[in-house]
Structure formats: structure tokens, C-alpha cells
């Protein structure tokens with residue numbers, strides 16, 4: 001999976017990790033907003049790594065959690081989804097807007113490749129590393145190009 005090769009998402013070990021992440025993220029999303037100590041504990045168990053001053057506004061959704069890494073001074077706004085079938089690395093000083101969805105997983109377009117033998121499933125996954133000082137967002141309005149150019153001027157990788 002982390003090597004970018006196809007894998008069976010129904011694998012027992014992967015399902016165990018997936019269910020663990022779902023339990024942790026459920027707890028995170030239900031915790032009182034002001035309970036910073038418990039949020040920190042859950043994120044410490046859930047994520048692969050994190051820097052100082054990480055703020056994630058609930059609700060937040062992940063597949064495994066342990067493939068997600070945050071640098072220092074990052075903020076993730078509400079209702080974001082990270083499908084971390086491979087590594088998602090968010091650099092320092094990153095801002096992620098509400099409703100952003102980051103998917104490392106992909107599915108073969110050929111049905112025979114996608115499902116293989118009866119009862120089998122096959123996915124692939126590619127890593128994502130966004131660098132530092134970036135803004136990740138989706139905005140459907142007509143001023144998007146202007147905002148992307150302005151944000152790119154302050155980022156080492158632009159706006160994703």
C-alpha cells in the first residue's frame with residue numbers, strides 16, 4: 001500500500017487499523033470543543049506524526065490516520081476528509097479550508113482489475129507531500145484564479 005502498489009483493502013491487518021482509526025476519530029469528533037488535553041491525546045494516538053500547534057476542527061474524517069503527518073502551526077477547518085491509504089504530509093504553517101478532501105487512494109478503472117477474483121478487492125495509493133506555507137481549499141467562485149495567484153506568492157508550493 002505505502003509502496004504505491006495495488007493492495008487488498010479487505011486485508012485483516014488493514015481492517016484492524018481502519019476500525020481503530022474510526023473509533024479514535026469518532027471519539028475526537030464527539031469531544032467537547034474546549035477539551036484540548038483529550039484532543040491532543042487522541043491525535044497523538046491517531047496520527048503518524050504532528051508538530052506543535054496543530055488545530056483540527058471537528059468533524060474530521062480519516063481512513064487510517066497513522067499515515068498522516070502535520071508540521072508545526074497547522075490548522076484544519078471543519079468537515080475535512082483525509083483518505084490516507086498512503087502518506088499525507090502537510091508541511092509547516094499550512095491552512096486547510098472547510099470541506100477539503102484529500103485522497104491518496106485510487107481504484108483501477110477496469111472492473112476485472114478492481115475486483116480480481118470473486119470476493120477480492122484491489123486499490124492503489126499514492127503519497128501526497130504539500131510542502132510548507134500552503135493554503136489548501138476549494139472555492140467555486142469566479143475570483144478563484146486571482147486568489148490562487150495571491151496565495152501562491154506566499155507559499156513554497158502554491159495553493160493546492
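The values are calculated or read from the model by the stated rules, or taken from the named source; none is laboratory data. Predicted, not measured: the structure shown is a model, and the values here were computed from it. All Cβ positions, even for glycine, are placed from backbone atoms using ideal geometry, and neighbour counts span all protein chains on display.
Listed values, structure above:
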read-out	value
Qualifying position, being buried (at least 19 other Cβ atoms within 10 Å of the Cβ) and closer than 21 Å to residue 14 by Cβ, among 76, 62	62
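Let's see how each residue does on (1) at pLDDT 95 or above; (2) farther than 20 Å from residue 17 by Cα; (3) in contact with a strand residue (DSSP E or B) (Cβ under 7 Å, 6 or more places away or on another chain):
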| residue | (1), (2), (3) |
| --- | --- |
| 52 | yes, yes, no |
| 72 | yes, yes, no |
| 89 | no, no, yes |
| 94 | no, yes, yes |
